[in-house]
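The values are calculated or read from the model by the stated rules, or taken from the named source; none is laboratory data. All values reported here derive from a predicted model rather than from experimental measurement. Reconstructed Cβ throughout: ideal geometry from the backbone, glycine too, with neighbour counts over all protein chains shown. Surface accessibility is based on the protein's heavy atoms, side chains included, excluding ligands, DNA and RNA. Shrake-Rupley method; radii C 1.70, N 1.55, O 1.52, S 1.80 Å.
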Protein chains: 2
Amino acid sequence: MEKNIENSLLLDFYGELLTDKVRYATEMYYNDDLSLSEIADDMGITRQGVRDLIKRAEGNLQTFEEKLGLHKRFVETQEGLSKLKKSLEETKCVLDKEDKSSVIAKVDEMTLVVNELLNQE
Amino acid sequence: MEKNIENSLLLDFYGELLTDKVRYATEMYYNDDLSLSEIADDMGITRQGVRDLIKRAEGNLQTFEEKLGLHKRFVETQEGLSKLKKSLEETKCVLDKEDKSSVIAKVDEMTLVVNELLNQE
C-alpha cells in the first residue's frame, strides 16, 4: 500500500467529514505512522480490515477534493500570500534606505494583514 | 420556512457534496427563487417532500461548515485581501507623487497577486 503526501494533506483538510472509525484508522496510519498490523492490534480488527478502512478514507478524501477543490485553492492562496510577503519585505528594504516613514507604516500595516492571513487556522 | 443568506452561501460552497436530488431542489429554492409548490410540480413530489429535501440540505450544509469551517476562512481571506488591496492603492498614491518608479513597479506586482487571489474560482 502506497502512502502519498497528498492524501495526508487532504486528511488534515477534510478529515472531519470521515466517519469516526475510518478517520481513527487513517490518522494512525498517516499522522502517527503506525503499520497496518499495529493499527489492527489497536482496533481489534484484521489487517485487511484496516486496509479497507484506509482505502475508503482515501477514496472519500479524493472525492471531496474533486468536488470542492478547496484544498487546491487554499494552497494557491498560501503561495500567493508568501510571494506577496516577500515583495513587501523587498519594498520595505528599498524604502528604508530613503527614510519614507509614512510609506513604511503603510507597508507594515499590509505585512500585518498578510501575516494574519498566512497564519489563520 | 425561512430563507437565510448564509444557507445560500454555504450551498454555493459545499453544494457539490449533497446528493443530486437534494441539491436540485435546494438550488431551485435558493438560487432560482422558486416556491415550494413550483419545485414540487417540477419534481413530481409533494410540497412537504420538497420541504424535507431542503431541510436535509440545510442541516448537511451547516454540519459541513461546523466541521470544516472553510467558508468562514474563505470570507476572512477575502476581507483581508480587500483591505490589503485598498492599502496598496493608497501606498501607490503616496508614491506616485514622489516619482519612485522602482517602488511603484513593486507595488504593481503585489497588486497583481492580490487581484489574482481575489478573483480565483
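Residues considered: A:51, A:56. Of these, the only one that is in a helix (DSSP H, G or I), under 28 Å from residue B:20 (Cβ atoms) and more than 18 Å from the chain's Cα centre (by Cα) is A:56. Within the range B:65-121, the only residue that satisfies the criterion of being in a loop (DSSP other than H, G, I, E, B) and modelled with pLDDT of 75 or more is B:69. For the range A:61-83, a residue qualifies if it is surrounded by 19 or more Cβ atoms within 10 Å (Cβ to Cβ) and at the interface with chain B (Cβ under 8 Å from one of its Cβ atoms), and the qualifying residues are A:64, A:68, A:70, A:77, A:80, A:81.
How many residues are more than 21 Å from residue B:67 (Cβ to Cβ) and within 14 Å of another protein chain (Cβ to nearest Cβ) if we restrict to the range B:1-54? The total comes to 1. Count, please, the residues in the range A:1-26 that happen to be of a type outside the set (S, T, N, Q) and open to solvent by 60 Å² or more (accessible area, probe 1.4 Å). So the count comes out to 11. Close Cβ contacts (under 8 Å, 6 or more residues apart or on different chains) running from residues in the range A:17-36 that are within 26 Å of residue B:16 (Cβ to Cβ) to residues that are among the basic types (Lys, Arg) comprise A:17/B:67; A:22/A:56; A:30/A:3.
One line per residue, one yes/no per condition, for (1) outside the structural domain of residue A:11 (by TED's automatic domain parsing); (2) of a type outside the set (Val, Ile, Thr); (3) surrounded by 13 or more Cβ atoms within 10 Å (Cβ to Cβ); (4) out of contact with any strand residue (DSSP E or B) (no Cβ under 6 Å at 6 or more places or on another chain):
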| residue | (1), (2), (3), (4) |
| --- | --- |
| A:43 | no, yes, yes, yes |
| A:51 | no, yes, yes, yes |
| A:59 | no, yes, no, yes |
| A:85 | yes, yes, yes, yes |
| A:88 | yes, yes, yes, yes |
| A:103 | yes, no, yes, yes |
| A:109 | yes, yes, yes, yes |
| A:114 | yes, no, yes, yes |
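Somewhere in the range A:29-40, is a residue of a type in the set (D, E, K, R), open to solvent by 40 Å² or more (accessible area, probe 1.4 Å) and more than 19 Å from the chain's Cα centre (by Cα)? The answer is yes; a qualifying residue exists.
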